[in-house]
Amino acid sequence: MNKKRQTVLYILTDLLAASLIWLLFNLIRYREVAQYNFPSLRDFLLYSQVLKGQILIPLFWFVLYFISGYYNKPFRKSRVGEFFSTLVTVATGSVIIFFRVLLNELPPSFYVYYKLFFLLFILQFVLTCTGRAILTGYALRKLRRHEWFENVIVIGTGQDAHKISGDLHESGYRVAGFVREKGDGAAPAVKPDEILGTADDLEDLLGRYQVDGLVVAIEDKSKTVPLLYSLYRYEKPVKIMAEKKDFLLNVKVKTIHRIPLVDVTENNFSEFEKNVKWFMDKAVSICVLILFSPLYACISIRVKTDSKGPVFFKQERIGYRGKPFTMYKFRTMYADAAQQGPLLTAREDRRVTPFGRFLRKYRLDEIPQFWNVLKGDMSLVGPRPEQRYYIDRIVRKAPYYYLLHNVRPGITSWGMVKYGYAETVDKMIERLDYDILYYENMSLILDTTILIYTVKTVFTGKGV
């Protein structure tokens with residue numbers, strides 16, 4: 001399956017439908033309204049504003065469909081989900097066009113407004129739905145006939161792996177093979193020639209077999225969490241068999257041929273929310289970096305004159321899907337503080353400079369991280385990223401910490417707002433409860449709430 005090709009087909013179909021719909025709608029507009037202002041249909045269709053609309057309106061629909069998240073996943077779409085997604089998006093777009101374009105018309109009676117709006121909505125919905133249904137139906141038939149499939153590698157060679165491979169095949173997946181987990185010396189339940197190697201060989205196997213995803217089906221469930229952490233770096237969807245009373249059931253479960261699978265690389269945001277969050281991250285970061293540049297300059301000068309050392313403090317943190325990145329902050333400690341190794345900052349920490357204490361109080365030391373957000377390492381809101389040194393200690397007591405790697409880390413978080421800085425590993429675990437609560441209830445409304453609380457924290461100086 002070619003995901004890029006299928007996405008392009010959906011986009012082209014939507015653009016073609018939107019262009020045709022707007023042309024048909026203009027014919028209706030002329031009969032209902034424009035004939036009183038234009039001598040002929042030709043004059044109306046060649047009018048500059050009408051020609052501009054013929055280009056801009058389809059582009060408007062494309063942007064709206066993109067934001068809705070419809071193009072995020074071109075395969076395995078639900079017909080019901082597609083129907084309601086299109087219905088909501090078309091209704092929203094029709095209202096926007098009505099108030100932005102149609103309300104400027106001067107019809108002979110107010111009734112024409114209602115007629116134009118519902119005709120636009122019906123045309124847009126029916127033709128868009130028809131085009132999408134054709135493409136989706138074609139793709140589903142190809143999957144059912146096994147003409148199209150997703151390549152997956154199953155990690156595990158026991159009975160669970162053998163059982164799930166058949167169910168995956170029935171659901172349009174092709175099992176490229178199996179790999180042994182580390183230290184697994186048990187006799188395999190799958191054919192020996194289907195075993196491609198061990199988990200250490202995955203990097204080479206992913207490219208060789210053009211793998212689209214990984215399925216974890218190991219017998220020893222206690223090894224699941226450490227194994228998952230090692231798989232994040234491959235940046236492929238990872239699914240596991242859902243177990244009762246499993247903490248991983250906090251993430252989305254999708255049933256495939258009666259087998260419930262948890263996609264542990266997914267979070268609880270809808271595709272629409274993901275796109276809006278991404279857009280807001282970029283827009284806000286650009287605005288802050290530009291508008292607050294004088295503040296950046298003032299803080300930089302003060303940090304430099306307050307004590308010897310660089311203006312910025314750089315440190316490796318673990319981010320989305322376990323990927324390391326360099327996080328930036330204004331330096332708040334004396335330059336030799338880092339030589340003491342990984343240490344959490346205490347409330348009355350002598351390593352903190354006088355100006356650094358002020359920066360930490362108002363959380364101003366964090367604002368260079370808007371650059372991390374613009375780069376895509378972080379988000380405005382999300383669990384705070386930690387050093388690998390502390391992560392290794394946290395997961396010994398709270399293995400569910402790894403769930404947070406399904407979310408891009410943030411400048412601010414529910415844990416930072418409600419708990420604040422943690423001075424010990426035990427306190428980091430206490431704060432983790434707030435981050436898990438955020439993870440289970442992720443929404444744009446909750447993100448907005450956290451941002452409001454953060455602004456309050458900054459202005460009241462309760463950052464420490």
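The values are calculated or read from the model by the stated rules, or taken from the named source; none is laboratory data. In this text, all values refer to a predicted model and were calculated from it rather than measured experimentally. As a convention, Cβ positions derive from the backbone with ideal geometry for all residues, glycine included, and neighbour counts pool all protein chains shown. Note: accessible area is taken over every heavy atom of the protein model, side chains too, but ligands, DNA and RNA are not part of it. Shrake-Rupley method; radii C 1.70, N 1.55, O 1.52, S 1.80 Å.
When only the Cβ of Lys, Arg, Asp and Glu is charged (+1, +1, -1, -1), the dipole of region 88-193 relative to its Cα centre reaches about 280 debye.
Using the Cβ of residue 309 as centre and a radius below 11 Å, the other residues enclosed give a net charge of +1, where K and R count +1 and D and E count -1. Shape class for the chain: oblate, because the ratio a/c of the largest to smallest gyration tensor axis (alpha-carbon atoms, square roots of eigenvalues) is 1.5 or more and b/c is at least a/b. Phi angles across region 357-367 convert, under the Karplus curve 6.51 cos²θ - 1.76 cosθ + 1.60 with θ = phi - 60°, into 3J(HN,Hα) values of 5, 5, 4, 5, 4, 9, 6, 6, 5, 8, 5 Hz, Gly and Pro given as x.
Relative contact order for the chain: 11 percent, from Cα pairs under 8 Å spaced at least 6 residues apart, divided by residue count. Over the residues of the chain, the helix contribution to mean residue ellipticity at 222 nm works out to -16500 deg cm²/dmol, using -39500 (n - 2.57) for each DSSP H run of at least 4. The figure for residue 455 is an accessible area of roughly 80 square angstrom, using a 1.4 Å probe on the protein chains alone. Think of a 1.4 Å ball rolled over the protein heavy atoms: region 346-388 then has 41 Å² of accessible area per residue.
With N as its number of residues, region 52-163 has a Cα radius of gyration that, divided by 2.2 N^0.38 Å, comes to 1.54.
In order along region 73-84, phi translates into HN-Hα couplings of 10, x, 10, 6, 7, 7, 4, 5, x, 5, 4, 6 Hz, rounded to whole numbers, per the Karplus curve 6.51 cos²θ - 1.76 cosθ + 1.60 with θ = phi - 60° and x for Gly and Pro. Divide the volume of the convex hull around the Cα atoms of region 1-53 by the residue count and you get 70 Å³ per residue.
Accessible area per residue for region 49-198 is 52 Å², calculated with a 1.4 Å probe on protein heavy atoms, without ligands, DNA or RNA. Kirkwood radius for region 422-464, taken over all pairs of different Cα atoms as the inverse mean of 1/r, rounds to 11.7 Å. For region 37-77, the convex hull spanned by the alpha carbon atoms encloses 95 Å³ per residue. The fraction of accessible area contributed by carbon and sulfur in the chain is 61 percent, rounded to a whole number (1.4 Å probe; ligands and nucleic acids excluded).
Can you pull the percent of Cα pairs in region 139-207 with separation above 19 Å? Cα-Cα pairs of region 139-207 separated by over 19 Å account for 36 percent.
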